[in-house]
Amino acid sequence: MDTSWIDLPTGHPEYVDGCMQFIAFAKQGLFEGKIRCPCKNCKVDKSFPVNDVERHILFKGFYKSYRNWIFHGKGDMVQRMLGSDGGSTSEGSIGNKSGFVGRDNMGGLLRSAFSVNVPPNFPTFEAREDGEWYEEPVSYDTDVQYDDSTIEEDATYKKLLQASEEKLYEGCINFSKLSFLLHLFHLKCMHHWSIESFNMLLKLILDAFPQILNFPSSYYYSKKMIKDLGLGYEKIDACPNDCMLYWGEFLEKDKCHVCGKSRWKTTKGKKGDDVSDQGTNTCKKGVPAKVMRYFPLIPRLKRIYMSSETAENMRWHDTERLGEDDKKILRHPSDSIAWKAFDERYTDFALDPRSVRLGLASDGFNPYRLMNTTYSTWPVVLIPYNLPPWLCMKPSSFILSTLIPGKASPGNDIDVYLQPLVHELKLLWGGVEAFDAFDGVKFNLRAALLWTINDFPSYAMLSGLSTKGYNACPICMDSTPSDRFGNKICYCSYRKWLPADHPYRRQGVKFCEKFGTNELGEAPSRPSGTDILRQQEKVEYVYGKSKAPPKKRQRGHTDNNDVQDEIVFGTKRSIFFDLVYWEHNLLRHNLDVMHIEKNVSENLLGTLLSMDKSRDNRDDREALEAWTIKTHLWLSADHNGNEYMPSASYSMSREEKERFLNVLEKLKVPDGYGSNLSSCVNMKQRELINLKSHDNHVLMQDILPVALRASNATKVIDLLARLSSFFKKLCSTSIDPDDLDGLQDGIVLTLCQLEMEFLPSFFTIMVHLLIHLVEEVKLGGPVQYR
């Protein structure tokens, strides 16, 4: 039977005719008035009345992998062929004589989890011209060898399948034992139930409903029952000083080969112990001092392709893109220059749309909140970018890779904990065998890491570049325009990015330039990965916290070692350079726009409202005199001899601050747009308190210019409105690349004009990074993915 019409668009006349032929054919095998639906969404997993199935395939499209219609036609063919091992659906499992109908698709879940699909040697049937069926001959490979893991997985699948078909109690039509238990675990996770409360609930359920037989009576037995559905993790012991992992060749070691510290926890002698041991520290073998949780990446990527639905979604970046006229618009990382350059360089990788592109994100948090302020956890999360935009950034699509424990940030020693992940990424670059449930074939699964996502302190940890001091910009590096202003380091000189003939370049007295000098320099260019690797390979870095701190170089003192320090820009060689493609990636580490936006917002609000984070104080005004710039803002004395700070263009009087805060306090926003800003307004102190990152986000992009204009609170409203507009356009979900050059010119001019109004102390490294954000959009695509 010709099924080529399945590949046609849904509105094509031949596609409509083909759908009608399928419906006529499928009506011959009605079961209780229903047939399985082969639309793109249902994928033959659900059964509906014929009219509903007809509507599904006409408007949603036909499931392209379903070309041999083994689940439709004369007789209950599937039941005859598969018996009771075919898995269950939302309408009951094939061969399930009990007629159990559940509300959850447990069969589909199990088939996706264990990659149970129609096997390669499964007999297929075709219709002859006379309407009869004949079986196509199949061949069997007698040399196929099955390993123990396959047998174990088969036994686990059958055990879970049995639980999914067993009613919760006699007469129950909505839940099987497995589905009910999964719902309980979902509620436990969603509402943060403790294990004790979960045990008490199970006891209450079993006491109240004695008809529920053979059901787990505790959290322990419940977890034991469903653990095979998930993917486990590995516990890897680590040196307490972050020197090494007890992994690979060091798996059996008891002591760190770097610092010599024991692998095991140290305990003190107790009463009753031998006198010679009392009061001494001993190592209790078997209790590791520090443990990292590692979630293997390869089985998780394989699991993605075990589901036909997610396997199809992983092709979206290649198969579901828009027309040629719209492809230039940046909507997804696959539209970016970095993605396309990677494909051009590694054509063999790009030929298969199933090859996975990953982003890596990491940051620290305290899982115990205020209960334990000395503990932090650093999760490492991977984002698969093959998925469509509506799935790509959903937390459920993220892949947890590593949980790094500790009392503080791992710093540069984070590379120690990334060793297992980098090892798997190396294997994935060569490829591992996996099964594609969408095509029903085995294939060579490959994956590559495109970039990392992190806040600015973590940028230094993952990149091995410095983000402090005079060379704090990891893009400008040694060309970072910086100077000491009083007791601060400021980052000005934005006139470098202006055209060479721009008049601002020769008006140094108006800008934050020491001694009011003119600007004749050029903007620094972004270093390549090869340049950075060449520099970092000169760094000798020893992992661990037990090493002696580096000696500080005295001003004016030079020796051979110091000469090397002066030409090296970096703190270590990043472990990601172990990946053969890493140095050729155009964008290796992303600047976190929301983190930068938050800091710029705090700078502005702190300065405008004269809060604790103000960038305008007496020390800064004194430093102006040392630089001999902005004489109208130098400290002055009134007629009584009292020293005071002259008002700047951005200064707000007491009445202006109250008007501005009053606007924010009375502001009403749509539900879900942002938090209640009125709770952040402190009218007594005339300041904003407890602002979160998202609060700064909505303030910076939407509310701040409106509130300032409504209260007529400052003379730099138009300038701040242009800064707000920059963030708004930068964070758009769809960006035309032709508009980016104008956006870059605009932010350069805005920063130069901010220099004319604000003090040099306002220009922290976070303000400086604004100059590089547009370039990163060109390279990596829309901001929300990075």
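The values are calculated or read from the model by the stated rules, or taken from the named source; none is laboratory data. The structure presented is a predicted model; accordingly, all values stated were derived computationally and were not measured. Neighbour counts run over all protein chains shown; Cβ positions are idealised from the backbone, glycine included. Accessible surface areas use protein heavy atoms only, side chains included; no ligands, DNA or RNA. Shrake-Rupley method; radii C 1.70, N 1.55, O 1.52, S 1.80 Å.
List of remarks:
- Computed with every protein chain present, the accessible area of Glu252 is close to 150 Å² [probe 1.4 Å].
- Summary of packing: across the peptides 302-312, 672-682, the per-residue average of other C-beta atoms within 10 Å ranks them, highest first, as 302-312, 672-682.
- For segment 217-228, Karplus couplings with θ = phi - 60° (6.51, -1.76, 1.60), whole Hz, Gly/Pro x: 9, 8, 4, 4, 6, 5, 4, 5, 6, 9, 4, 6
- Dimensions (Å) - segment 408-489, Cα atoms, principal axes, largest first: 67, 26, 18
- Packing, taken as the mean count of other beta carbons within 10 Å per residue, orders the peptides 36-46, 190-200 from highest to lowest as 36-46, 190-200.
- For segment 497-510, Karplus couplings with θ = phi - 60° (6.51, -1.76, 1.60), whole Hz, Gly/Pro x: 8, 7, x, 4, 9, 6, x, 4, 5, 10, 10, x, 5, 8
- Taking amide H as placed 1.01 Å from N in the peptide plane, the amide H of Ser401 sits under 5 Å from that of Val380, Val381, Leu382, each at least 5 places away or on another chain.
- For Pro216, net neighbour charge (Lys/Arg +1, Asp/Glu -1) across residues whose Cβ lies under 10 Å away: +3
- Extent along the principal axes, Cα only, for segment 403-542: 69, 40, 28 Å, with the longest axis given first.
- Note that segment 378-499 presents 33 Å² accessible area per residue, ligands and nucleic acids not counted, probe 1.4 Å.
- Ranking Val380, Val287 by solvent-accessible area of protein heavy atoms (1.4 Å probe, all protein chains present), from largest to smallest, gives Val287, Val380.
- Each residue of segment 8-17 is assigned a 3J(HN,Hα), and the resulting list reads 7, x, 4, x, 5, x, 5, 5, 4, 4 Hz, derived from the Karplus form 6.51 cos²θ - 1.76 cosθ + 1.60 (θ = phi - 60°), x at Gly and Pro.
- Accessible surface area normalised per residue over segment 636-743 is 55 Å², counting heavy atoms of protein chains with a 1.4 Å rolling probe.
- For Trp451, the residues whose amide H sits under 5 Å from its own are Leu360, ignoring neighbours fewer than 5 places away on the same chain, with H placed 1.01 Å from N.
- Residue-level accessible surface for Val542, protein heavy atoms, 1.4 Å, Å²: 80
- Amide hydrogen proximity for Leu445: with H placed 1.01 Å from N in the peptide plane, the residues at 5 or more positions away or on another chain lying under 5 Å are Val432, Glu433, Ala434.
- Carbon plus sulfur fraction of accessible area for segment 379-434, probe 1.4 Å, in percent: 63
- The accessible-area ordering, largest first, of the residues His595, His257, His72, His12 stands as His257, His12, His595, His72, per a 1.4 angstrom probe.
- Per-residue packing, averaged as other Cβ atoms within 10 Å, sorts the ranges 722-734, 628-640, 743-755 into the order 743-755, 722-734, 628-640, beginning with the highest.
- Rolling a 1.4 Å probe over the protein heavy atoms of segment 658-786, with every protein chain left in place, gives an accessible area that is 49 percent carbon and sulfur.
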